[in-house]
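The values are calculated or read from the model by the stated rules, or taken from the named source; none is laboratory data. Fair warning: this is a prediction, and the values are worked out from it, not measured in the lab. Ideal geometry is used to build each Cβ from the backbone, glycine not excepted, and the neighbour counts take in all protein chains shown. These accessible areas exclude ligands, DNA and RNA; they are computed on the full protein's heavy atoms, side chains included. Shrake-Rupley method; radii C 1.70, N 1.55, O 1.52, S 1.80 Å.
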Amino acid sequence: MLIRASENGSGEFLKLLSRPKTLSTLTTSLALALVVALGALFLGVSIALILGKTNTPFRKIFLVVMPLPLAIPSYVIAYSYLVLNPYLNGFWISALILILATFPFVAIPTYALLRRINLNQEEVARTLGFTPFAVITKVIWPQVRVASFAGALLSALYALSEFGTVAFMRLDTFTRVIYTTYRATFDRSSAASLGLMLLAVSLFVVFLERRFRGANIPSTAISKTGGILKIGRWRWLTLTFVFAVYFATLALPGFLLISRTFQVGTSIDWPNLFIKTGNTALVAFVGATIALLLALPIGILNARFRSRFAKFIEKGLYVTHALPGVVVGLALVALGAKYLPALYQTIYLLAFAYALLFIANSLGSVRSSLEKIPQRLDEVSRSLGQTFGQTFKRVILPIATPGILSGWLLVFVTAMKELPATLMLKPTGFETLSTSLWTATSISQFAQAAPFALALVLIASLPSYLLNRPNLAEKEMLRENSAI
Amino acid sequence: MTDIKIDNLTVNFGQTKVLDELSLFVPSQSLVAVLGPSGCGKSTLLRAIAGFVAPKSGTIRFGSTLMSVSSVQVPPERRNVGYVPQEGALFPHLSVRKNVGFGLVRGKDSEKRINEMLNLVGLEDLADRLPHQLSGGQQFRVAIARALAPAPNVMLLDEPFSALDAQLREELRQEIKRILKETKTTTLLVTHDREEALVMADLVAPMKNGKIVQLGSPQEVYNNPVGLETAVSTGDALVVPAIKTKSGKVYTPLSSKKPENGQVGSVIIRPEEIEIILNKQTPNARVFEIEYFGHDALIHLELPDATKVSARVAAPVALKIGDKVTARQKGPIRFFEKV
């Protein structure tokens, strides 16, 4: 699809490459990705260590909110900062917002690994003469760093493909330049060429991330999880640090959104807000369902038949996770306008874009839910006279459904927050919460945008809460499997 | 009920021959235990019989019905086998009752059959529990009831008790044996636990390198193993150097005199076949260690030529380390030539 989009510019491509504007866009994008990755690495590892290894007060509360920044679209944080000061713009504030929005990519896996390291290792190191600090740098850090680096690369990938934040902060990275080129001149071939460059950079980052993830250290069985360091008076400093981070990421934006919404108060156009919320949910629903329908057969083939073909497709689809929304938007605009006029300007093309963007998530959940079911269960069912089809219906599906549904919900939530592809592919006159927020903010009507932003955060974080709530049935099933 | 007849069965995993022209006969209504170390292919044998593994050659028959011949396989769901894998593998989303009824065609007879089965394994009161609400032993009983419910041609048990603790294992062995005898079910059990094989089975079949090397009653296999490894796999065994003269007499370090020449080989002695005699004029052994188990003890002895043997004696033990005693072999002599 992308090749199609760039067809008319093979010679132009080189010219475009040598344009100073292109070069500065490339440098800005790469610099942003690098700074965000380093910032997220620092912030994520610090938070994970503070919450996982020290006796900082209120750890438990901060642990609960740890993944929350991921539920809030970064452009909503950017929007709320603009409410505070409409003149904010540029590289550093964009970088700061992206770091705050993505550091959980580092903090969550780092924390999880920290807690999995066996206490015995730490105790052995202490008996061999290591100080508590040396235990962290020489024993713990080498075991968690791979996960931390992989998380930082996810942050970099996010920074490369993020559109809303950089657009609000008027920073010319690839995504913004592509969008403005496309909108201003309808010069699709140079937009597509820029899209290809962005795609190449993103693919490279995904490739790096896969390499890192492959090198996971097998962890020993958890008997006792690692110890907590008593850090004395320092714990007030760490508390201040953690508090400041979550204040800037969650509390301040949340407060601003709510206060501005109340400011608008009675003039909120409720029917309009409801329609847009409904629109948002509708397209995301269709998109998540398409993603699931595509992921299901591939996941089944992979988990139960080890089909080589399916493995290949799965690897290929995993790459979609590198696709920036602008690129998919651009490609589908070209495809839709040229070959699928019936779908062009309908919500189905937009839903398909969502499916394409987030199918990797869907696939992951289908796969992990199926792989959790031991093959033995299939065999017992077969020996009891059930064909494969019956076994699937009576055994595999009932057990895997909760996991598959939670994957669907994840895609649904993520799709609701999508901005660039939605802007490019939405039918004329069709508005979602994210596009309404975009439109109002673009013309500096910050107060009018507040209800949309707040509604977006609410519908996006409610399912996140459901997703993160420990699933009772699943827990029991796991316990049962380990108990027999 | 039916017998199982396996002829020249070969199973390959890639280049590795897991089963090598294996033949085995499981008589109708009997319980046969295949005994072998992990990796000898015994689980593969079970899975081939159940239909989860396609053999390269050879045949599997239930009675006169062919189940597997070269390229033609009856699919697992049409073999009517009861399969109980290692961890029981209960369906975690179904109650005990639904687990047991899983292989039955729904109808008014199925309820009756489920109740019969629950009664058989003594779990009527737990019928509506979910698997995770049961203890390990109860889960195993459900797995047995589930496998028996459709009245299978044969039962296949894969290391059935390995995940259970020692005391529970002994209780369940007796109970499962009773149930299988009561239902007259032809059963093949594979295990690496020699005690389990000897206690439960009518016939024990030691397995080695993808082949069954012997088939006999527990007594036969224990007393007359066909090879050194079989001897060791069926119980504690001492392998002692020995010489066999032309006249057929076998001399070991325990014998009084040593012949000049003869065939060199080894003799298998079970520790309980060595008798220790105290207060004798000519002691031939010195006690150098005592392993005390409570009900009995292993006395480790050193013979004059530095050969070490162990004798099992019933408690109480009157010996102490350093005692000089006479050790004598009282059991059958099993001589194996040196290859």
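In table form, for the structure just shown:
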| quantity | calculated |
| --- | --- |
| For the protein assembly as shown, with +1 on Lys and Arg beta carbons and -1 on Asp and Glu, the positive-most of A:VAL242, A:THR25, A:ALA440 along the dipole | A:THR25 |
| By average C-beta atoms within 10 angstrom, highest first, the peptides A:144-156, B:266-278 | A:144-156, B:266-278 |
| Options A:LEU343, A:SER94, A:LEU256, ranked by Cα towards positive dipole end of the protein assembly as shown, top entry (Cβ charges) | A:SER94 |
| Surface share of carbon and sulfur [accessible, 1.4 angstrom probe, percent] for segment A:101-169 | 66 percent |
| Relative contact order computed over chain A (Cα-Cα under 8 Å; 6+ residues apart), in percent | 20 percent |
| Whichever aspartates and glutamates have a C-alpha closer than 16 Å to that of A:LYS21, once near sequence neighbours (fewer than 8 apart) are set aside | A:GLU12, A:ASP172, A:ASP187 |
| Residue-normalised accessible area of segment A:369-445, expressed per residue, 1.4 Å probe, Å² | 34 Å² |
| Rounded to 5, the percent of DSSP beta bridges in the protein assembly as shown classed as antiparallel | 75 percent |
| Test item: Cα-centred dipole of the protein assembly as shown, Lys/Arg +1 and Asp/Glu -1 on Cβ, debye | 940 debye |
| Distance violations [Cα-Cα > 25 Å] among A:LYS338/A:LYS426; A:LYS393/B:LYS42; B:LYS257/B:LYS330; B:LYS181/B:LYS211 | A:LYS393/B:LYS42; B:LYS181/B:LYS211 |
| Hydrodynamic radius by Kirkwood, which averages 1/r over all alpha carbon pairs of chain A, in angstrom | 24.1 Å |
| Principal axis box of segment A:88-131, alpha-carbon based, largest edge first, Å | 53, 20, 9 |
| Gap separating the Cα centres of segment A:425-459 and segment A:389-422, nearest whole Å | 27 Å |
| Exercise: per-residue mean of other protein chain Cβ atoms within 10 Å, B:30-41 | 0 |
| Helix-only CD estimate at 222 nm, as mean residue ellipticity for chain B, using -39500 (n - 2.57) per DSSP H run (n ≥ 4) | -6500 deg cm²/dmol |
| The protein assembly as shown - Rg over Rh from alpha carbon coordinates, Kirkwood radius | 1.10 |
| For the pair B and A, total buried accessible area rounded to nearest 100 Å², probe 1.4 Å | 2400 Å² |
| If the convex hull is drawn through the Cα atoms of segment A:26-78, its volume per residue in Å³ | 85 Å³ |
| Surrounding net charge for B:GLU272, when Lys and Arg each add one and Asp and Glu each subtract one, Cβ distance under 11 Å | -1 |
| Sorted peptide list for A:92-105, A:371-384, criterion being average Cβ within 10 angstrom, highest first | A:92-105, A:371-384 |
| Mean-position separation - Cα centroids, segment B:158-222 and segment B:82-146, in angstrom | 22 Å |
| For chain B, fraction of C-alpha pairs farther apart than 30 Å, in % | 48 percent |
| Which of A:ILE396, A:ALA200, A:GLY164, positive extreme of dipole for the protein assembly as shown (C-beta unit charges) | A:ALA200 |
| Directionally averaged shadow of segment B:281-326, computed from the convex hull of its alpha-carbon atoms, nm² | 3.1 nm² |
| Share of alpha-carbon pairs per 10 Å distance bin for segment A:77-219, given as whole % | 11, 28, 26, 19, 11, 4, 1 |
| Dipole in debye (nearest 20) - chain B, about Cα centre, beta carbon charges: Lys, Arg +1; Asp, Glu -1 | 720 debye |
| Burial ranking of peptide ranges B:88-99, A:236-247, B:181-192 (average Cβ count within 10 Å, highest at the top) | B:88-99, B:181-192, A:236-247 |
| Shielding score for B:80-89, defined as the mean number of other chain Cβ atoms within 10 Å | 5 |
| Mean separation of Cα contacts under 8 Å, 6 or more apart, over the residue count of segment A:24-160: relative contact order % | 43 percent |
| Carbon + sulfur, % of accessible area of chain B - ligands and nucleic acids excluded, 1.4 Å | 49 percent |
| Charge tally in the Cβ shell below 12 Å around B:VAL226, where Lys, Arg are +1 and Asp, Glu are -1, B:VAL226 excluded | +1 |
| Mean Cα-pair separation over length for chain B, i.e. relative contact order, pairs under 8 Å, 6 or more apart, % | 16 percent |
| Rounded to 5, percent antiparallel among DSSP beta bridges of segment B:44-156 | 65 percent |
| Whole-Å distance, taken between Cα centres, linking segment B:1-59 and segment A:120-188 | 53 Å |
| Cβ-placed point charges (K, R +1; D, E -1), dipole of segment B:1-67 about Cα centre in debye, nearest 20 | 140 debye |
| Peptide-level mean, for A:394-406, of C-beta atoms on other protein chains within 10 Å | 2 |
| Integer Hz, Karplus 6.51/-1.76/1.60 couplings in order for segment A:386-398, x for Gly and Pro | 9, 6, 4, x, 5, 4, 4, 6, 8, 10, 5, 4, x |
| Ellipticity estimate at 222 nm from DSSP helix runs (n ≥ 4, -39,500 (n - 2.57)) divided over chain A, nearest 500 | -24000 deg cm²/dmol |
